Structures are given as C-alpha cells and as structure tokens.
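Undergrad: Have a look at this one.
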Amino acid sequence: MEYNSAKIEDFRDIWVFCEQRRGKLMETDFELVSEGRKLADERHSQLVGVLLGYNVKDLANEIGGYGADKVYVIEDPALKDYSSETYADALCQIVMDKKPEVLLIGASTIGRDLAPRCAARLHTGLTADCTHLDIDMNKYLDFLKEASSIDLSTRKFKMEDTNLKMTRPAFGGHMMATITCPRFRPCMSTVRPGVMKKGEFDETKAKNVLVEDYSVTLKDPLVKVVEIVTEEKKGVDLTGAEIVVAVGAGISKDVEKGMALAQELADVLGNGVVAGSRPAVEAGWLDHELQIGQTGKTVRPKIYVALGISGAIQHKAGMQDSETVIAVNTNPSAPIFEAATYGIAGDLFEVVPKMIASIKAAKAAK
Amino acid sequence: MKIYVCVKQVPDTSGKVAVKENGVLDRASMKTIINPDDLNAVEAALQIKDQEGCEVIAVTMGPPAAESMLRELYAMGIDKAVLISGREFGGSDTFATSQVIAGGIHHLGLEKDDIIFCGRQAIDGDTAQVGPQIAEKLNIPQVTYAGEVKYENGKVFVKRMTEDGYMKVEVETPVLITCIKELNEPRYMTVRGILECFDRPITVLDYPTLENEPLIDKTTIGLAGSPTTIFQSFTPPVAKGGEMLEGTTQEKTDALAAKLAKAQLI
C-alpha cells in the first residue's frame, strides 16, 4: 500500500473516530461528529465516521443522525473491546488506504492511548485536548476577535490557509496556542469530552447515511486483557451537572469547613455537585474525577460557583461555557472575575455562609 | 534486565508564571521541578529493582540544566542517568521528541526483558502523547494509565484505569507503561544518596552521537522539523468581566440572591 503522509494533496475529507464501549457510542462521538460537520462544510468535503468493534453496525445510523455523510464499519471479534494494538492496526490500515485530511478522536483514556500510537505510525502531527477547531480563516479570525487580546488590524494572515487550526491551552494552561500541522496529513487532534456542542439528531440523515464495511488484517495483540471491570459511578456525573460549586486553593485555611460550605451551597442552589480546581485535587481534597479544567473535566452548567479559585486559563478552559458564573475570591484582581457573571471580592469563609442565608431568604420570599 | 524511566524537567506551573513582553513564556525565570507523574514512574521502576535487583536507567531530553534533576534521581536510587541534549533537538513537538528518545533508548540497547516506564503526562504540555509514541517507534506494546503494576518472571500485570472502571492486562516484556499519580507514593531521596549524587556520572547523548540512529529522521526533529507548529499563541482578552458586587458582605450576597431569583435560577 503506497502511503506518504507528506503528499498532502492526496488527502481529503473530515473523519471522526467513533468510540464505542460494550456496543454503545460515547457522548463525545456525537459532539465530535457535530463539530466535524461544521469543519466538513467549511472545507466543502465529506464527513466520515469510523466505527470499530464487533456487532456494532447498527450504531452507524446514530452517527449519521448527527451529520456524518458516511460511516466505515470495521468489525472483527478482536475489536470487540479496546486494545491499543488491534485498534491502532485497524485504524492505521484504513487511514493509509483512504487518506483523510483530518482525523478527530475523543480525548478519553482510549482516545489518548490510540491517537499518539497512530500518529507516530502514520508519520503525522497530533495535537492533544483541543478546545476549538477551525479550517476557514474568516471563521478563525472571528474566533480570535472574541477569544484573544490580539489586535487583528495590525496583523496579516494568509486567508487561503486551509490547515486545520487546533486551539488549546498551552504552557501549563497560562496561554492559548493555535497549532497546525502544515506538512503532513492527516491533521490529527484529540478533543476533550464535553467541549464541543452536540448538534440536533436528524432522523432523515440517520436513515440516509452511507454505511460501508471495511476489512482489515489483525495480529494477536501482545497485551492480553484478563478482565474488564465497570464500576458504579460513585458520585453524580459532573459533565452533565446543572449546578457546580468548585473549590480551589482558597479553602486551604480550613479544608473541612470549606468543603462543608461548598456542599451546603450546592444543596441550597439545588442538588448541585461539589468539584475542584487542579490545586484542590492535587492537594488531595477531592477525587481526580471531580477536577475541572484542561486536565480534568469540562462542564457547562446553569450555575457555576468558583470559591477561592484564581482562574488560570487551564481552569477556565473547563468552565467558561457555563451559563452563570459566580466567583468569590479574596483577590479582587484574580483572573476568575474575568470569567464571572457576578463577582464577590471577599473571604469565602465569610461570604459563603451569608450567601447561603441570602439565597434561602430569596427562595422563601418567592 | 534493565528498566528505563523517561523523565522530564518542567517549569513549576503551579507557581507564578512569567510571560515575556512578546507573549512568550519566560521559562528561565521559573522554578523547575521533576514532572510529578514521572516521579511515580521512577518509583515503579525502583520497586521492581528492589524485587529483581535490575538496573534502573533514567533518560531525559532537555537542556544541560536538566542534569540537576538527574542527580536528584540518583539520590532516590537510580543506577544510571542519561541526558539527551542538543540544540538540534530543541523545540521538538511530541512526535519529534518521541523519535529522539526512542532513538536514544535504541542506542543504549533495548532487550527482550526490559521495561520502559513513563509518567502519564507532563504538566507543561499535558499531552500524554510521548509515551505511546516512544512505544510505537520502538515497536513494543504499551499500557497507559497504570494504577497497579506487578512484575513476575518476564511478565508485567497492569491494572489500567479508565473513566468507568479499570481493565486488568498482562503482557510480556519488553513493554512501555505510563504511570498515574495513584500508582504509588514516590520515595524520598536518601541522605547518602544526596551526598553521593554529585559524583555520579551523567551520560550525555548529543546530536553527533545519535545522528545516524535509524529511528531518528533528521528532517522531523527540532523546532523546524516537528510536524506540528504554533500557528498563533495568544492570551484571552482582558476582563470583559462580569459585574463586581459592591457593599458590605451582606449587601453583596443579598444582591446576588436577588439577581439569581430574577433570572429564575433559584
């Protein structure tokens, strides 16, 4: 099979790797397919889903319903459950054969295991955990206008650039960077669950999607799976929570009390979930599952309360799409206030008890 | 049997971050630390050394200053420290970096009974890509997100953590394993180790040494050769910001509750 990742003119179409576990698609698949649809329209190309598994063909219509024109289905008993080796073999074989221009993969523990292995084999670049994607330069400049402090009037860009522009927090989350992969194809990107918006499901599109079988040759994997264990979720699903109260380093003065106040506030606001910033999780006050930010979860709740969180870019990347943001911080110039709908400068240990009382009173007055 | 541990010296991003006037991170002014997850990888290697008596080799790619980190690892108990360093390697993305590190390990020799440990990801880039890419370049299997590791007679048993539980896998060496924080509690440096670490040798692999390594493609290393490139870096716009509530604490929280009530949020 002739494959040269530097012959970029041979590559076309936007592809999404659709991850399934135990015969069910992941939410991220729908988010990525919806985002992929947007990119395919910008590029005037096709959107193609790639589905690996065993007895999973029925899922292809679901992928179509979110906007895929076509779905390649690769079925093999060896692909029933995820394995780095068999999945990388299968995905690389179809990519080398069909040559997509863009390949998007969800940044799950599977996607982040699979994508780098494939990128190394496919001899191309890979950008991790992207939070924004563009192809069309006009769209990208619109994005920069909103999301950056760059004075665009002083800058010249090549408007005909058709590389995938992959934006993510960089340098430990203190800046943003837009990355491109100009010399090789496919442009590969992993995208964090919850970041892209899932579109509407369209029944007609689901019915009309083109489904094509593809067969691959697989070797027995060297890593043998002995057991797969699914654990009951301990808490609520953070990504779907409507109310999130997050604590940061600011509770260090009295962690126990800070956590209790956060929980009480979450309860008063209405069945909310308590989560934490990276420093709070690294300090061991909360479980890893409850970390919000670039290296944790991305949430878009109705109400997000940040208690004692300074608001580094990497944290904002995980919460900036929340509908209403309330921030409490002793430092009135903390960056979290830039992302806040309502800011209260003050000591959370003093503010939160009063806030709870005020909310209770306002509720009672209704 | 040898165990390689891939480590990285990173700026301590939890502290103050200095940005130069041109918007580029001022790395020189920042404190550096050993990447936290890499310490778990070192500990995993040292535990197998305690059990099997094998050699533990720390490998890093970075500027000459990364030597100080390698000395700390000597004080923890590693046997050999390798610094891959050269201007030609600077500015490498993950593809380029993994190529160079894989080339370095190949140069040092990877045998049937060897293991490579990496941290899950580095806190400066947060990509988690270099480990799997090294495994691919060396054509050996990988197990990522290791939450438990046991070694027995040439076989490694790993509990691989996932979002919704875990999977137990077994694999024969050679294999590359990436370690998460929950895997273990990294040991402290010993007093004797600290005293002796300054006299221990650092093996430097520079560009001329690795130039003819078959795993290293000279056209895809360093800043210019890396497949990915920074198209534009930027900081978000300064404070559109929301409304800062004023008054006494009581007035602030009352105002907040009123606004939430008005917006039908409570």
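The values are calculated or read from the model by the stated rules, or taken from the named source; none is laboratory data. For clarity, every value in this text was computed on a predicted model and none was experimentally measured. Methodologically, a virtual Cβ is constructed for each residue, glycine included, from the backbone with ideal geometry; neighbour enumeration extends over all protein chains shown. Note: areas computed on protein heavy atoms with side chains; ligands, DNA, RNA excluded. Shrake-Rupley method; radii C 1.70, N 1.55, O 1.52, S 1.80 Å.
Undergrad: Compute the relative contact order of chain A as a whole-number percentage, counting only Cα pairs closer than 8 Å that sit 6 or more residues apart in sequence.
TA: Value for chain A: 16 percent.
Undergrad: A further question follows. Using label points projected 7 Å from each Cα along Cα→Cβ, tell me how many nm separate B:D164 and A:T330, to one decimal.
TA: According to this spin-label approximation, the distance is 4.3 nm.
Undergrad: Whole-Hz ³J(HN,Hα) for each residue in the range A:294-306, computed from phi via Karplus 6.51 cos²θ - 1.76 cosθ + 1.60 with θ = phi - 60°, x for glycine and proline: what do you get?
TA: My calculation for the range A:294-306 gives 3, 9, x, 9, 10, 10, 9, x, 5, 10, 10, 10, 10 Hz in order.
Undergrad: For the range B:261-266, take each phi angle, set θ = phi - 60°, evaluate the Karplus expression 6.51 cos²θ - 1.76 cosθ + 1.60, and give the result in whole Hz per residue in order, putting x for glycine and proline.
TA: 5, 4, 7, 6, 8, 10
Undergrad: Using a Förster distance of 45 angstrom, determine the FRET efficiency expected from the C-beta separation of A:Q263 and A:E9, and round it to 0.05.
TA: For A:Q263 and A:E9, the calculated efficiency is 0.20.
Undergrad: So what is the relative contact order of the range A:238-364, in percent, for Cα pairs below 8 Å that sit 6 or more residues apart? Numbers along the way, then the final one.
TA: On the way: 279 pairs, mean separation 31.3, N = 127.
Computed value for the range A:238-364: 25 percent relative contact order.
Undergrad: Could I ask something else about it? Which residue fluctuates the most in chain B, going by a Gaussian network model with Cα springs under 10 Å, if the choices are B:P236, B:P141, B:P227?
TA: Fluctuation is largest for B:P236.
Undergrad: Taking 2.2 N^0.38 Å as the expected size of a compact globular protein, what ratio does the Cα radius of gyration of the range A:113-225 give against it, to two decimals?
TA: Details: Rg = 18.3 Å, N = 113, 2.2 N^0.38 = 13.3 Å.
Cα-based Rg divided by the globular estimate yields 1.38.
Undergrad: How much accessible area is lost when chains B and A come together, counting both sides, with a 1.4 Å probe, in Å² rounded to the nearest 100?
TA: Using a 1.4 Å probe on protein heavy atoms, the buried area is about 7500 Å².
Undergrad: Mind giving me the nanometre distance, one decimal, between the label points for A:R22 and B:I230, set 7 Å out from Cα along Cα→Cβ?
TA: The modelled label-to-label distance comes out at 4.4 nm.
Undergrad: When the distances between all Cα atoms of the protein assembly as shown are binned every 20 Å from zero, what whole-number percent does each bin get?
TA: 19, 52, 27, 2
Undergrad: While we're here: Could you give the size of the charge dipole of the range A:21-124 about its Cα centre, using +1 on the Cβ of each K and R and -1 on the Cβ of each D and E, expressed in debye and rounded to the nearest 20? Mind showing how you got there, number by number?
TA: On the way: 14 positive and 17 negative charges, 23 e Å.
So the magnitude is around 120 debye.
Undergrad: Tell me, what HN-Hα J-couplings in whole Hz come from the Karplus equation 6.51 cos²θ - 1.76 cosθ + 1.60 at θ = phi - 60° for each residue of the range B:164-179, using x for Gly and Pro?
TA: Result, rounded to whole Hz: 10, x, 7, 10, 9, 10, 10, 8, 7, 5, x, 8, 10, 10, 9, 10.
Undergrad: Determine the percent antiparallel among the DSSP beta bridges restricted to the range A:8-213, to the nearest 5.
TA: Given both bridge residues lie in the range A:8-213, the antiparallel proportion sits at roughly 25 percent.
Undergrad: Taking H as built 1.01 Å from N, whose amide H comes closer than 5 Å to the amide H of A:A306, not counting residues under 5 places away?
TA: A:A246, A:I326, A:A327, A:V328
Undergrad: Additional query: Could you tell me which of B:A146, B:V100, B:V10 has its Cα farthest along the dipole of chain B towards the positive end, charges placed at Cβ (Lys, Arg +1; Asp, Glu -1), taken about the Cα centre?
TA: B:V10
Undergrad: Hey, another quick one. For the range A:1-144, what is the per residue volume of the convex hull drawn over the alpha-carbon atoms, in cubic angstrom?
TA: Value for the range A:1-144: 109 Å³ per residue.
Undergrad: Something else about it: With a 1.4 Å probe and all protein chains left in place, how much of the accessible area of chain B comes from carbon and sulfur atoms, in whole percent?
TA: 52
Undergrad: Under a GNM of chain A (C-alpha, springs under 10 Å), which listed residue has the highest mean-square fluctuation: A:P77, A:P169, A:P332?
TA: Residue with maximal mean-square fluctuation among A:P77, A:P169, A:P332: A:P77.
Undergrad: Return the whole-Å distance between the Cα centroid of the range B:190-210 and the Cα centroid of the range A:178-218.
TA: 46
Undergrad: Averaging sequence separations of C-alpha pairs under 8 Å and six or more residues apart, then dividing by the length of the range B:2-225, give the relative contact order as a whole percent.
TA: Here the relative contact order equals 27 percent.
Undergrad: GNM, chain B, Cα, under 10 Å: largest mean-square fluctuation among B:G247, B:G193, B:G165?
TA: Looking only at B:G247, B:G193, B:G165, the largest GNM fluctuation is found for B:G247.
Undergrad: Taking only Cα atoms of the range B:2-225, what ratio of Rg to Rh do you get with Rh as the Kirkwood inverse-distance radius?
TA: 0.95
Undergrad: Pull up all non-local amide H partners of A:A68: gap of 5 or more, or a different chain, and H-to-H distance under 5 Å with H placed in the peptide plane.
TA: Distant-sequence amide H within range of A:A68: zero hits.
Undergrad: With a 1.4 Å probe and all protein chains in place, put B:F95, A:F157 in order of accessible area, largest first. The partial results should precede the final answer.
TA: Numbers: B:F95 0, A:F157 40 Å².
Highest to lowest solvent-accessible surface, that is A:F157, B:F95.
Undergrad: Per residue, what accessible area does the protein assembly as shown have, given a 1.4 Å probe and all protein chains present, in Å²? Intermediate results must be reported in sequence, preceding the final value.
TA: Values: 26380 Å² over 632 residues.
Averaged over the residues of the protein assembly as shown, the accessible area is 42 Å².
Undergrad: About the Cα centre, and with charges only on the beta carbon of Lys, Arg (+1) and Asp, Glu (-1), how big is the dipole of the range A:8-213? Nearest 20 debye, please.
TA: Working: 29 positive and 34 negative charges, 107 e Å.
Its charge dipole is roughly 520 debye.
Undergrad: For the range B:170-209, report the % of Cα-Cα distances exceeding 12 Å.
TA: 78
Undergrad: How long is the gain from A:V229 to A:E350 if the chain were fully straight, where each residue apart is worth 0.36 nm and the alpha carbon distance is subtracted?
TA: Computed gain between A:V229 and A:E350 is 39.2 nm.
Undergrad: Percent antiparallel among DSSP beta bridges with both residues in chain B, to the nearest 5?
TA: 40
Undergrad: Any idea what angle helix A:255-270 forms with the longest principal axis of chain A, computed on alpha-carbon atoms, 0 to 90 degrees, nearest 10?
TA: 80
Undergrad: Report, in whole Å, the centroid distance computed from the Cα atoms of the range B:94-122 and the range A:1-41.
TA: 29
Undergrad: Roughly how many debye, to the nearest 20, is the charge dipole of the range A:177-325 about its Cα centre, given +1 on each Lys and Arg Cβ, -1 on each Asp and Glu Cβ, and no other charges?
TA: 680
Undergrad: Would you please state which residues of the range A:1-34 a label at A:Q46 would reach in this model, taking the label point 7 Å out along Cα→Cβ and a backbone N cut-off of under 14 Å?
TA: A:11-16
Undergrad: Distance in nm between label sites at A:E256 and B:Y188, each 7 Å beyond Cα in the beta-carbon direction?
TA: 2.6
Undergrad: On to the next question. Picking from A:F337, A:T180, A:H123, whose Cα lies most toward the positive end of the charge dipole for the protein assembly as shown (charges on Cβ: Lys, Arg +1; Asp, Glu -1)?
TA: Positive-end residue among those listed: A:F337.
Undergrad: Something else about it: Compute the accessible area of each residue in the range A:197-235 twice, once for its chain alone and once with every protein chain present, using a 1.4 Å probe on heavy atoms, and list those whose area falls by at least 30 Å².
TA: A:L222, A:V223, A:K224, A:V226, A:E227, A:V229, A:E231
Undergrad: Need the list of lysines near B:K112 for cross-linking: C-alpha distance under 27 angstrom, and skip anything on the same chain fewer than eight residues off.
TA: Hits, sequence-local ones excluded: A:K219, A:K224, B:K2, B:K8, B:K49, B:K80, B:K137, B:K150, B:K155, B:K159, B:K168.
Undergrad: List the longest stretch of chain A that has no exposed loop site; here a site is one of the GluC sites (Glu not before Pro) assigned by DSSP to anything other than H, G, I, E or B, with at most 11 other Cβ within 10 Å. Before the final figure, lay out the partial values.
TA: Working: sites that count: A:E2, A:E160, A:E200, A:E231, A:E232.
The longest uninterrupted stretch comes out as A:3-159.
Undergrad: Counting only DSSP beta bridges with both residues in the range B:108-266, what percent are antiparallel, rounded to the nearest 5?
TA: Working: 14 of 22 bridges.
Around 65 percent antiparallel, to the nearest 5.
Undergrad: Follow-up. Take the alpha carbon atoms of the range A:238-364, find their radius of gyration, then divide it by 2.2 N^0.38 Å using N residues; give the quotient.
TA: The reported ratio for this selection is 0.92.
Undergrad: For A:K158, go through the aspartates and glutamates and keep the ones whose alpha-carbon is under 19 Å away, minus same-chain ones fewer than eight residues off.
TA: Leaving aside aspartates and glutamates fewer than 8 places away in the same chain, those within reach of A:K158 are A:E9, A:E42, A:D134, A:D136, A:D142.
Undergrad: May I pose another question? Taking Cα atoms of chain A, Rg/Rh with Kirkwood Rh, to two decimals?
TA: 1.01
Undergrad: Cα centroid distance between the range A:55-79 and the range A:101-174, in Å?
TA: The two parts, judged by their Cα centres, are 26 Å apart.
Undergrad: Cross-link candidates for A:K156: which lysines have Cα within less than 20 Å, leaving aside residues fewer than 8 places away along the same chain?
TA: List returned: A:K139, A:K145, A:K165.
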